[in-house]
Every structure is written in C-alpha cells, then in structure tokens.
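Any read-out appearing in this document is the output of simple, stated calculations on the displayed coordinates, not a laboratory observation. Keep in mind the model is a prediction, meaning the values are calculated, not measured. All Cβ positions, even for glycine, are placed from backbone atoms using ideal geometry, and neighbour counts span all protein chains on display.
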Amino acid sequence: MKYMTTAEIREAFLRYFEDKGCKRLPSSSLIPDDPSLLLTSAGMVQFKPYFLHVLEFDEAYQGATTVQKCVRTNDIENIGRTGRHLSFFEMLGNFSFGKYFKKEMCEWAFDFSTNPDYLGLPAERLYFTVFEDDDETIEIWKSLGVDESHISRLGEDDNFWRAGPTGPCGPCSELYFDQGPEVGCGSPDCKPGCDCDRFLEYWNCVFTQFDGQEDGTLAPLLTKNIDTGMGLERIAAIMQGVSNNYDTDVLRSLVAVGERLAGVAYKEDPKVDMSLRIMADHSRAVTFMIADGILPSNEGRGYVLRRLLRRAVMKGHLLGIEGPFLNDYVDEIVNLMGPVYPEVVEHRETIRGMILAEENRFGATLRQGQAFLEEALSGTQGTVLDGALAFKLHDTYGFPIEVTSEICEERGFSVDMDGFNTCMAQQKERARAATKDDAEAAWSTYGNIHSELLKELGATKFVGYDTLSVPAKVLALVKAGQRVDALADGEDGEVILDVSPFYAEMGGEVGDTGVLTAATGNATVVDTKAPEKGLHAHRVHVNEGVVRVGDTVEAIVDAVRRSRIERNHTATHVLHAALRQVLGDHVAQKGSYVGPDRLRFDFTHFQQVTPEELAQVEKLANDFIMLNIPTRIYETSLDEARASGVTALFGEKYGDRVRVVEATDFTRELCGGCHVSNTSEIGVIKVVSEGSVSGGVRRIEAVTSYGVLEYLNSLEHELKAAAEVMHAPLMGVAERCAANLKTIKDLQKAAKEGRGAVASDNVSKLVSAAETAAAGYPVIIGKLGAAGSGDMRQAWDVLRARMSAPGAVVLAGESDGKPLLLAAGTEEAVAAGFNAGAIIKAIAPKVQGGGGGKPAMAQAGGKNLAGIEDALAEARSLLL
C-alpha cells in the first residue's frame with residue numbers, strides 16, 4: 001500500500017469527483033443555517049434545500065463535492081480514551097440531486113478506493129455492507145468484481161438511513177477496510193458489523209430515494225439522491241498504515257506540540273497519552289469554532305466551545321504546563337491547515353486573543369474549583385466524595401471527572417461514580433429534550449409554510465439596490481400562518497411578491513418599510529423579513545380596500561428611512577476600519593444593528609478601549625467621511641475577494657459569488673446590505689457609548705447625519721434645563737456643578753462635626769448620670785438620640801474610657817425612625833455577672849424588636865420608638 005498525507009487524500013478526493021462532473025465547493029461554516037442544529041456535524045447540511053428541491057442545483061454539474069469541517073461532542077467522554085473518537089473532524093463528501101445514483105456511486109467509490117492513481121487500496125481487503133433487501137446494490141458490487149463473501153446484509157438499524165420517523169430516507173452501503181486478524185476478536189464469524197476493530201468502516205454511501213410516510217410505507221422522492229461521507233482522519237489512518245487517528249500526520253503533529261510543552265513522551269504512559277490526545281483534538285476544534293465566529297459562553301455553541309477549551313487547559317495543567325499554552329497549538333494548526341481553510345489564517349489574531357482571554361479567565365475558575373474540591377473533601381464523612389459534588393465540579397468549574405478522581409485518589413478518596421453518572425444522565429436527558437437528533441433536525445425545518453412557498457414560487461427577485469419603486473405581482477398572502485386569497489381593510493398579514501425593492505432584514509440591517517398600492521386597496525409595509533433564504537415576506541397592515549392574490553401593486557420603499565439606514569450601514573464599515581487602524585488587526589465584527597435611528601457595532605477586543613483611543617477612532621472615521629469618497633460596489637468570486645484582501649466578516653457564511661463594498665483601500669468588506677454612494681452622505685459619525693458585551697467582545701453605539709443632530713439637540717435641551725435650575729450660563733453648568741458639590745461636601749463635613757459635638761456633650765451627661773449596679777460595678781443607662789449601630793458602638797468605646805471604673809452600659813438610639821438598643825460591658829463587669837445578651841433579650845420586646853449577642857456586647861433593633869423608655873426602665877430593674 002502506498003502512503004498518502006492527509007492533504008494529498010483531501011485533494012485527490014475533490015479532484016476525482018470534479019473530474020466526474022461535480023462542483024467543488026468550500027466547507028460551510030460550523031454555524032449551520034438551520035436554527036434547529038447546534039453545530040454542523042455532517043457534509044449534507046448545506047445541501048438540504050437542494051435535496052428537497054426547494055432550490056435547484058446548477059444544471060451544469062452532476063452534483064457537488066466538499067470537504068466539510070464538522071464538530072460533534074455527543075461522545076466527548078470517549079475523546080482521548082480511544083484512537084477513533086474526535087470532536088473536530090473533516091468529512092469528505094459527494095452529493096447528487098437527481099443526476100447520478102447507485103450504479104455510478106458504487107463504481108466511483110470502488111474505483112477511487114482501488115485505483116493506484118488515487119487510494120490504491122488492495123481490493124481483497126475491502127468489505128461491503130448493504131441493506132438486507134437491497135439486492136440491486138449487491139449486484140452492482142458483484143459486477144465490479146467484489147466476491148460475495150465480502151458483502152454482508154445488515155438490517156435497518158445499520159444500513160437504512162432515516163432523517164426521522166417520516167421524511168427522506170433510503171438504504172445505504174458502507175465500505176470497510178480489513179485491518180487484519182491481529183486486531184480482531186479472533187472469532188471465525190468476524191465480519192463487518194462486529195464490535196471489534198478488525199473491520200474499519202471508512203465510507204458510507206446513502207441512497208436517499210424514499211419519503212417515509214406516517215403509516216410506515218415508503219413513497220419515492222421526486223428524485224433519487226446521493227449523500228456520501230468519508231472520514232478524512234479515518235482514511236488517513238488507513239493510508240498511513242496506523243490504527244489510531246492520533247498517529248496520522250496532522251494530529252500527530254499536534255500531539256508533538258503537547259510533548260514539547262509538557263516535556264513528556266507519547267506512548268510511554270497511558271494517562272499522559274490521553275491528555276496529549278485531548279489537547280491535540282480539542283485545540284483544533286476550538287480554533288475552527290472561533291474562526292467561524294463562535295465565542296465562549298455559558299449556553300449553546302459557546303458552551304460547547306468553552307467546555308472543550310477548559311478540558312484541554314485542565315489536561316495541560318495536569319501535565320505540568322504552567323500558564324496559557326493553547327496558542328502554541330493555534331500556530332501549528334494555522335501552519336498545517338491554513339492553506340485549505342483560509343479563515344484560520346484571516347482570523348488568527350482574533351483566535352489567539354480570544355483563547356488567551358479565556359485561558360486567563362479559566363485560571364480563576366480553576367482555583368475556585370480546586371477550593372471547592374478541598375472544602376468538599378474536608379466535609380466528606382468517610383472516604384467517598386458525593387457524586388453530585390463531583391458533577392458540580394464537572395458542570396460548573398469544568399473539572400473532567402477523571403481529573404476529580406485522580407485528585408481524590410491522591411488524597412485517599414474515591415468518587416461516588418453511580419451518583420455522578422445519575423447526574424450526567426439527567427443532564428443528557430435534558431439536552432435530548434431540548435435538541436433533536438442531528439440527522440432528524442437537519443431536515444426538520446422544511447415543510448413549514450415559508451419553505452413550501454419558496455419551493456412553489458421560487459426566490460423573490462430583489463431590485464432594491466437600483467430602485468425604490470417597482471410594479472409587482474402578488475404571488476401569495478399569509479395570515480396567521482395560513483395562506484389566504486385576500487387581505488381586507490384592517491387586517492395584518494404577509495405579502496409575497498414576484499419582485500421587490502424592499503430589503504429583507506439580514507446581516508444586522510433592518511428590513512425596509514413603505515407601501516403597496518393596488519387598484520382595489522393599499523397596505524403599509526411595516527417590516528420585511530426573509531424567513532427562508534431568498535424569500536421576501538412583506539409584513540403589512542391593510543389601510544383600505546382589499547389586496548388579493550394575483551393583484552398588481554406598486555411596491556414603494558420609504559426613501560427617507562432607507563437613506564438613513566444606508567448612512568448608518570456604511571458608517572459601520574468606516575468605524576470597523578478605524579477601529580482596526582487604532583486598536584489592531586485582531587478587531588473583527590462580531591455583530592451589528594443597523595437601523596434608521598442608530599447603529600450598533602460589536603467587535604472583538606480583549607481590553608477596555610481608553611477614552612483617548614475612542615476619540616482617535618471617532619476622529620479617524622470623520623476625517624475619512626469628509627474626504628468625499630465615492631463607494632464602489634461590485635460582485636466577484638469569493639477566492640478573488642480573499643486574494644485581494646477584502647475583509648470577510650467574522651463567522652459569516654458566503655457563497656461562490658460575493659458582493660464587495662469599498663471606499664478606497666480604507667474600507668473593503670463583503671456585504672449584501674444597502675449603502676451610500678459617497679461617504680459625504682453620512683455627514684458625521686458620533687459615538688455615544690462604548691462598553692463590554694462579554695469576554696473579548698465590546699460594543700460601540702453611534703449615530704450619523706440627522707441622528708447626530710437629534711442627539712446634539714437632546715444634549716442641548718438637558719444642558720439648558722440644568723443651567724436654568726442652577727441659575728448658571730449655558731457654558732458654565734460644569735463650573736457651577738463643581739462649586740455646588742464643594743458646598744455640599746463642606747456642609748456635610750460641618751454637619752458631621754456638629755453631630756460629634758452634640759454626641760460629646762451627650763456622653764458627658766451620660767457619664768455624670770452613671771449609677772452603681774447591684775453587683776457593684778458602675779452602669780450607665782440612657783438615650784443617645786439619633787444614632788446608628790456604628791455610632792452606638794463608638795459611644796460605648798468613649799464611655800468605657802471615661803467611666804470611673806470598669807463597668808457596663810445599656811443605650812438606646814434612633815435611626816431612620818426605628819429604635820436601636822445596645823448593651824455592653826467590660827471583662828470585669830461580665831465577671832461580676834453582667835450578661836449583655838440576656839439583657840437585650842429581656843428588653844427588646846419593649847420596642848417590638850429582637851436581637852442578641854454575647855455577654856460582652858449585644859444589640860437589637862425594633863419597630864416601636866415609644867417603647868424606648870420602657871426598655872430602659874426594664875434594664876434598670878434588672879441591673880440596679
């Protein structure tokens with residue numbers, strides 16, 4: 001067998017299917033378009049609308065071929081323990097949407113596998129499984145020279161793919177490589193499907209040809225489709241003669257990073273090996289997730305990212321690596337995979353900065369978790385740590401269970417694994433209840449009314465870049481989620497047009513508003529959405545008459561509102577460029593809102609933006625606007641745009657053809673939104689706020705043109721109101737505020753000194769009124785007046801110093817209209833029988849209160865001021 005690198009296999013696969021007429025497409029983002037999916041976990045995800053013919057694939061091609069980056073963490077506990085489980089992996093795939101089917105696919109799979117120009121695998125070491133009733137596929141394999149002894153029939157659980165209980169489905173055929181009897185179970189009946197490692201499945205060919213019905217029957221789909229997947233790491237292991245994914249070239253290079261950082265050797269200690277594998281795998285997943293715009297958080301994709309990152313960090317610390325270290329992996333990943341995935345190169349500094357910030361943040365959490373574990377162990381009766389506590393360490397502090405077990409073992413403890421597993425099972429059940437199975441969810445959004453409308457009517461032709469008014473035909477109307485024939489006066493609904501000048505909300509830019517006028521009525525467009533990509537839904541309120549399906553309407557966008565949106569959208573591009581010049585190239589857009597009244601721009605930055613930096617950004621942006629620069633908007637290929645240095649937005653997904661918005665070299669971005677034709681139309685940008693949104697992400701809010709005027713008018717209004725109240729000139733408000741503040745502080749100081757003088761005089765009166773307790777020590781019982789609890793304790797300190805001999809006090813005060821009591825005594829008084837706690841307990845009911853303390857001091861609060869005299873009288877009866 002020949003040796004092939006991962007890069008050679010990847011390119012060979014894509015080239016092979018290109019030669020067969022398939023269109024080579026880039027991997028889609030790890031953030032799927034489908035909201036029902038958390039992460040992209042299969043190659044077919046980006047092709048769902050083509051499989052269902054909601055969209056039609058380019059007729060010039062036989063299908064598509066891709067290498068899809070995927071993330072799955074449903075078996076995270078096995079990652080690192082075995083040589084096959086990975087969180088991040090690449091899936092080689094080819095797809096047909098009615099052009100070729102079983103015969104061609106089987107022939108090509110066999111040819112690519114055995115042809116010396118490609119994989120060149122020995123045919124005698126290949127085995128095939130088919131669905132038990134799929135005689136057609138068996139005959140195809142036999143016609144290619146496959147011996148029947150190398151073909152196994154398996155049941156529905158193994159070789160029949162379903163998206164769910166109903167919907168697209170079909171038989172599949174899997175290709176296996178015989179790794180040899182030495183890695184098998186030894187059984188004479190061993191064959192594909194056995195639980196041992198001898199037969200390694202490397203390619204799954206799914207023949208999606210049926211539509212499963214509710215009654216269990218299988219109806220034929222409109223077209224017969226192909227959906228295949230070959231794990232790149234798995235076939236790399238075969239081609240490189242290793243039995244472990246982590247021994248393949250790419251992953252072994254990442255394992256070597258851990259060896260260097262920790263000063264350890266791979267394959268000398270199983271525990272060390274597991275940590276090295278986890279760091280290699282997780283660092284790759286983390287790098288690609290951040291490159292696609294996923295940031296650490298406590299929910300959704302961000303939680304998956306944070307968990308992977310922290311698990312890698314924990315393993316590194318267990319190996320003795322001190323301080324942040326994951327960026328060493330990032331550099332190697334960029335070196336190994338950057339040529340194929342340019343996003344990791346483009347966003348390298350953002351990835352590095354985000355990882356460093358998260359590692360530093362986890363350092364504090366790690367210390368908290370260690371403290372929690374220490375406290376838990378010290379409070380454990382016996383030698384078994386409660387499973388619920390171990391789960392909290394895992395879930396809240398990011399401690400993998402094996403780490404907790406190792407620490408406990410060093411301290412002579414074990415972990416209640418049954419309790420831990422129960423908590424884990426409960427968490428998994430909650431997760432399963434919240435999200436659908438990947439395969440089922442991948443198809444689940446189709447079948448709603450908007451997808452059906454898109455499938456039936458096709459995409460809306462958008463002409464709003466060039467015109468704000470156009471005649472259009474009403475193709476469909478929707479009211480309360482149901483199609484209707486008409487919308488009458490006063491009714492709300494959605495209008496689907498064949499052509500529209502209305503921009504549908506997308507990319508942070510809000511949807512257009514305006515009017516639809518017909519011969520029989522008119523409606524106000526209150527918003528425009530794109531519930532399915534390509535379909536514009538105009539949300540309307542009918543003002544008069546009626547709007548019917550089939551009507552011709554004049555679709556007119558609110559031009560004034562659109563122009564304000566355009567100014568704000570171009571302003572976000574200018575701000576983005578200015579931020580990158582002032583703060584650094586790591587700045588990348590992380591979200592935005594572009595409306596007619598304001599703009600919001602979220603960006604990656606890992607420390608506070610200083611006032612000086614913000615002022616510099618604002619000046620740079622306005623200086624550029626004043627240059628009166630024309631904007632240029634054009635379409636090009638994604639590859640050409642990347643090569644020319646156009647900024648691709650962080651985490652955004654793009655097709656083959658992209659739209660570029662540029663104003664000289666200052667700002668050049670991929671964008672599908674609406675923009676001004678010249679920077680001078682923006683007028684001026686005024687930043688109104690800047691702050692942190694989350695770790696590593698900051699937010700600027702700003703206004704432009706008329707928004708600046710409105711902002712300045714509101715400031716002027718507030719300033720005039722303040723000047724009027726202060727009887728100060730408009731530009732002297734700050735000076736008058738400073739003077740008034742100084743006056744207030746001086747008055748507060750004088751008042752405090754006055755209270756002190758009064759208190760001092762009151763103390764003298766109380767000292768002179770001291771009495772002798774029955775036990776023989778001096779005692780003072782009296783009122784302090786207005787005094788808080790701190791004032792009363794201070795008064796005790798003064799009285800104690802001025803009493804003729806060591807003694808005790810019982811004092812009453814008033815704070816915020818409520819009574820306070822304090823009893824306190826010296827050591828000598830306590831030795832003679834004084835008990836402050838007992839006294840307070842006895843007298844507090846007189847003020848409708850309660851409290852307590854120690855024999856030397858106790859306090860109480862109450863509700864009844866009128867009871868103070870009775871409380872002091874009770875104290876006298878107890879002490880005198």
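A few notes on this one:
- The chain, relative contact order in percent, only Cα pairs under 8 angstrom and at least six apart counted: 7
- Euclidean distance between Cα centres, the stretch 122-182 to the stretch 821-842, Å: 89
- Beta bridge orientation in the stretch 779-858: antiparallel %, DSSP, nearest 5: 65
- The 3J(HN,Hα) values that the Karplus relation (6.51, -1.76, 1.60; θ = phi - 60°) gives for the stretch 613-622 are, in residue order, 5, 5, 5, 5, 4, 4, 5, 4, 5, 6 Hz. Gly and Pro appear as x.
- Shape summary: the stretch 84-189 maps onto an equivalent ellipsoid whose semi-axes, from the alpha-carbon gyration tensor, are 23, 19, 17 Å in decreasing order.
- Hz values of 3J(HN,Hα) by residue in the stretch 794-806 - Karplus curve (6.51, -1.76, 1.60), Gly and Pro given as x: 5, 4, 4, 4, 5, 4, 4, 6, 9, 6, 5, 7, x
- Given charges at Cβ of Lys, Arg, Asp, Glu: the stretch 767-880 dipole, positive-most of A860, A823, S877: A860
- Cα-based reach from K720 at 29 Å (exclusive), listing lysines while leaving out same-chain residues under 8 positions away: K619, K686, K742, K745
- Between N360 and R736, full extension at 0.36 nm per residue minus the direct alpha carbon distance yields a gain of 130.8 nm.
- Of all lysines in the structure, the ones whose alpha carbon falls short of 29 Å from that of K841, not counting any fewer than 8 places away in one chain, are K765, K783, K818, K854, K863.
- Estimated [θ] at 222 nm from DSSP helical runs (n ≥ 4, -39500 (n - 2.57)) normalised by residues in the chain, nearest 500: -13000 deg cm²/dmol
- Bridgeable lysines around K428 (alpha carbons under 27 Å apart, same-chain partners fewer than 8 residues away excluded): K69, K271, K315, K392, K436.
- Over the chain, the pair-distance histogram of Cα-Cα distances with 10 Å bins from zero comes to 2, 9, 14, 16, 16, 14, 10, 7, 6, 4, 1, 0 percent, rounded to whole numbers.
- Annotation: extensible slack from D386 through A801 equals 144.0 nm (criterion: 0.36 nm per residue apart, minus Cα-Cα distance).
- Put a dot 7 Å past the Cα of A256, heading toward its Cβ, do the same for C190, and the two dots end up 3.2 nm apart.
- Computed about its Cα centre, the charge dipole of the stretch 499-558 is approximately 180 debye, with only Lys, Arg, Asp and Glu carrying charge at their Cβ.
- Sorted from greatest to least, the principal axis extents spanned by the alpha carbons of the stretch 18-149 come out as 45, 44, 34 Å.
- A simple spin-label model places pseudo-atoms 7 Å from Cα toward Cβ; at N762 and E544 they are separated by 7.6 nm.
- Computed E for T552/V340 - FRET, C-beta separation, R0 56 angstrom, nearest 0.05: 0.65
- Spacing of the two label points (7 Å from each Cα toward its C-beta) at D585 and Q482, in nm: 5.9
- On the basis of the beta-carbon distance and an R0 of 45 Å, L712 and E214 show a calculated FRET efficiency of 0.10.
- Remark: the stretch 126-219 carries a charge dipole of roughly 240 debye about the Cα centre, counting +1 on each Lys and Arg Cβ and -1 on each Asp and Glu Cβ.
- Selected from P778, V54, F207, residue furthest toward positive end of dipole (the chain; charges at beta carbon): P778
- Charge dipole of the chain (Cα centre as origin; +1 on each Lys and Arg Cβ, -1 on each Asp and Glu Cβ, all else neutral): 3640 debye, rounded to the nearest 20.
- Mean Cβ neighbour count within 10 Å, used as a protection proxy, ranking 867-879, 724-736 highest first: 867-879, 724-736
- Applying 1/(1 + (r/R0)^6) with r as the Cβ-Cβ distance of S637 and N678 and R0 = 30 angstrom yields a FRET efficiency of 0.65.
- Extension gain, S877-K103: 0.36 nm per intervening residue step, less the Cα-Cα distance, totals 267.9 nm.
- The residue list P192, F131, Y176 was ranked by how far each Cα lies along the charge dipole of the stretch 130-228 toward its positive end, using unit charges on Cβ atoms, and Y176 comes out on top.
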